[in-house]
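The values are calculated or read from the model by the stated rules, or taken from the named source; none is laboratory data. Since we're looking at a predicted model, the values are computed, not measured. Virtual Cβ from ideal backbone geometry, glycine too; neighbours counted across all protein chains shown. All accessible areas refer to the heavy atoms of the entire protein, side chains included, with ligands and DNA or RNA removed. Shrake-Rupley method; radii C 1.70, N 1.55, O 1.52, S 1.80 Å.
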Amino acid sequence: MAGNAAGQQVHGTVRRSNSSVPAPAIAGAGSVCRNQSSTYSFVPYSSWSTITWSASTGSGATISNPAASSTGVTFPNTGSYTDSVSENNGCGTNTGNRNVVVTQPTVSISQSCSGSTNVLTASGAVSYSWSPAAGLSSTTGATVSASPTSVTTYSVVGTDASGCTNTATY
């Protein structure tokens with residue numbers, strides 16, 4: 001049993017309905033970022049197998065090629081879901097499952113004042129990129145000073161340790 005970057009347990013299970021045919025073992029990430037395509041694949045038992053990929057009900061997943069041995073899956077929602085592949089080779093149908101944890105950091109901005117300068121502090125990720133640059137002391141880092149010359153809405157993109165991103169505005 002392996003863990004992902006968030007310390008959550010990632011499990012892999014395989015169900016077999018025909019003991020003479022190997023069940024599909026799915027290769028691919030157990031932890032993925034929201035709205036980023038990840039590739040999942042397996043080696044079919046035979047070249048004439050009928051392949052069907054699916055994802056958990058409620059995941060909202062988009063499967064790029066549901067009838068191929070390798071496919072891209074994009075999850076628009078965070079949470080824990082299951083990727084499944086069923087292979088029917090004429091001798092029976094076998095199903096392999098891969099549990100997937102879909103993550104996205106929760107990024108927020110707080111504001112404080114230091115004299116006539118606004119100090120903006122981002123939290124919820126490990127690195128940050130601010131925009132627009134006009135009036136900012138820096139475009140990177142959790143804390144920046146903002147001295148805009150007109151009303152300005154600032155955005156920050158936060159990236160977590162897994163490379164997943166989210167945006168907040170102030």
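Here are the numbers for the structure shown:
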quantity	calculated
Filter result for VAL157 (at pLDDT 95 or above, touching an Asp or Glu at 6+ places or on another chain (Cβ under 8 Å) and open to solvent by 40 Å² or more (accessible area, probe 1.4 Å))	no
Single unsatisfied condition, ILE109 versus (1) part of a loop (DSSP other than H, G, I, E, B); (2) farther than 22 Å from SER37 by Cα	(1)
Count of residues meeting criterion [closer than 16 Å to VAL119 by Cα and open to solvent by 70 Å² or more (accessible area, probe 1.4 Å)] in the stretch 160-170	2
Test: SER59 is small (Gly, Ala, Ser), touching a residue at least 12 places away in the same chain (Cβ under 8 Å) and open to solvent by less than 20 Å² (accessible area, probe 1.4 Å)	yes
Lone unmet requirement of (1) in a strand (DSSP E or B); (2) within 27 Å of ALA29 (Cα to Cα); (3) of a type in the set (Gly, Ala, Ser) for SER162	(1)
Any hit, the stretch 91-98, residues being farther than 30 Å from PRO44 by Cβ and either open to solvent by less than 20 Å² (accessible area, probe 1.4 Å) or out of contact with any helix residue (DSSP H, G or I) (no Cβ under 8 Å at 6 or more places or on another chain) (or both)	no
Search result, residues across the stretch 74-112 that are of a type in the set (A, V, I, L, M, F, W, C) and touching a strand residue (DSSP E or B) at 6+ places or on another chain (Cβ under 7 Å)	PHE75, VAL85, VAL100, VAL101, VAL102, VAL107, ILE109
Residues satisfying the stated conditions in the stretch 36-50, i.e. more than 15 Å from the chain's Cα centre (by Cα) and either exposed (fewer than 15 other Cβ atoms within 10 Å of the Cβ) or in a strand (DSSP E or B) (or both)	SER41, VAL43, SER46, SER47, TRP48, THR50
Count of the stretch 139-154 residues which are farther than 24 Å from GLN36 by Cβ, open to solvent by 70 Å² or more (accessible area, probe 1.4 Å) and not in a loop (DSSP other than H, G, I, E, B)	1
Leading residue by the ranking (surrounded by the fewest Cβ atoms within 10 Å (Cβ to Cβ)) among those in the stretch 70-90 that are outside any strand (DSSP E or B) and more than 21 Å from the chain's Cα centre (by Cα)	GLY90
Within the stretch 30-50, considering residues that are farther than 26 Å from THR78 by Cβ and among the aromatic types (Phe, Trp, Tyr), the one modelled with the highest pLDDT	TYR45
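Residue-wise test of (1) modelled with pLDDT of 60 or more; (2) among the charged types (D, E, K, R); (3) exposed (fewer than 13 other Cβ atoms within 10 Å of the Cβ); (4) more than 17 Å from GLY92 (Cα to Cα).
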{"residue": "ASN4", "(1), (2), (3), (4)": "no, no, no, yes"}
{"residue": "GLY12", "(1), (2), (3), (4)": "no, no, no, yes"}
{"residue": "GLY28", "(1), (2), (3), (4)": "yes, no, no, yes"}
{"residue": "THR52", "(1), (2), (3), (4)": "yes, no, no, no"}
